[in-house]
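Taking it in order: structure first as structure tokens, then the write-up.
The values are calculated or read from the model by the stated rules, or taken from the named source; none is laboratory data. Worth saying up front: this structure is predicted, and the values here are computed from it rather than measured. Don't worry about glycine lacking a Cβ; one is built from the backbone with ideal geometry, like all the others, and counts go over all protein chains shown. Side chains included, ligands, DNA and RNA excluded: accessible areas come from the protein's heavy atoms. Shrake-Rupley method; radii C 1.70, N 1.55, O 1.52, S 1.80 Å.
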Amino acid sequence: MAGQIIIDLFTTLDGVQQAPGGPEEDPEGGFRFGGWQAPLMDEAEGEQVESGVKTMDALLLGRRTYDIFAAYWPQYADGPSDGIAAVFNRIPKYVASRGTPDLPWAASHRVGADLAAEVSTLRERHSSIHVIGSVDFAQTLVREGFFDVLNLWVYPVVLGAGKRLFPNDGPPLGLTLLEPPVASERGCVLLKYGPGGLVETADMDEALRER
């Protein structure tokens, strides 16, 4: 069975995914709300995140997210997030980049220009390939249909400006809910979607009569 490409994104109610982890994570475009996720984290959400980490056997990252992770996770192998760090430090990391960057993190590899071929190879090599953050790269994967699961961790906060997976000029996309939503005490809701085909339209009155 082919491996799955799983996109994990922490998002606000208005669809912003930029810099959830810390104030200095990604100030691109004058973004002022880095670290918006931290005050809303709770135990139930943490358990869901750790459960996903335990099943992954590869990371597929955009260049900016790779640099952030490579500077952070090797330093915390024995810290409070050692379970996550141990997995991230051990498994292969695949990095999408237009250049030829230095990849100092152990088991790191550059993804080639032929994304379709690279995704096919990764699916043959691994069972659970996770894309975390990497919003610009995730946009490409979604646009090209190179994903199997989209995990959206939706938080009760609105930020206005910021990077989004679904830009205003993005293509229409139908999605299928794979599992019932899971909610945490602080209002985070995990929505797990798969590709759903074309976007359909209909007259509301006719749709109600057909029920």
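Here are a few things to note about the model shown:
- DSSP beta bridges in the chain [antiparallel fraction, %, rounded to 5]: 35 percent
- At most 14 other Cβ within 10 Å, DSSP loop - GluC sites (Glu not before Pro), the stretch 1-73: Glu24
- The trypsin sites (Lys or Arg not before Pro) of the stretch 98-174 that DSSP puts in a loop, and whose beta carbon has at most 15 other beta carbons within 10 Å, are Arg98.
- The calculated FRET efficiency for the pair Glu144 and Val182, based on their C-beta separation and a Förster distance of 45 Å, comes to about 0.95.
- Amide H contacts of Gly21 (H built 1.01 Å from N, under 5 Å, at least 5 apart or other chain): Gly35
- With a Förster radius of 22 Å applied to the C-beta separation of Ala116 and Asp136, the computed FRET efficiency comes to 0.75.
- Spatially proximal aspartates and glutamates relative to Lys163 (Cα-Cα < 17 Å; intrachain offsets below 8 disregarded): Asp8, Asp14, Glu24, Glu25, Asp26, Glu28, Asp136
- Local charge for Leu40 was computed over the other residues whose Cβ lies under 14 Å away, with Lys and Arg +1 and Asp and Glu -1, and equals -3.
- Between the C-alpha center of the stretch 142-199 and that of the stretch 32-101 there is a gap of 19 Å.
- Restriction of the trypsin sites (Lys or Arg not before Pro) in the stretch 1-70 to DSSP coil positions whose beta-carbon has at most 16 other beta-carbons within 10 angstrom yields Arg32.
- Within the stretch 101-150, all pairs of alpha-carbon atoms sorted by distance into 5 Å bins from zero give the percentages 4, 16, 26, 30, 18, 5.
- Probing with 1.4 Å while keeping every protein chain in the model, the per residue accessible area of the chain equals 56 Å².
- Using only side-chain charges placed at the Cβ, +1 for Lys and Arg and -1 for Asp and Glu, the dipole size of the stretch 58-101 relative to its Cα centre rounds to 300 debye.
- Per residue, the convex hull spanned by the Cα atoms of the stretch 92-211 amounts to 195 cubic angstrom.
- The convex hull of the Cα atoms of the stretch 21-95, projected and averaged over all directions, covers 5.5 nm².
- Note on the chain: with neighbouring protein chains present and a 1.4 Å probe, carbon and sulfur make up 52 percent of its accessible heavy-atom surface.
- Computed from phi, the 3J(HN,Hα) profile of the stretch 139-150 under the Karplus parametrisation 6.51, -1.76, 1.60 (θ = phi - 60°) reads 4, 5, 4, 5, 4, 8, x, 9, 8, 10, 9, 10 Hz, with x in place of Gly and Pro.
- Relative pair counts by distance (%), Cα atoms of the stretch 5-45, 5 Å bins: 6, 22, 28, 25, 13, 6, 1
- Percentage relative contact order, the chain, counting C-alpha pairs under 8 Å, at least six apart: 31 percent
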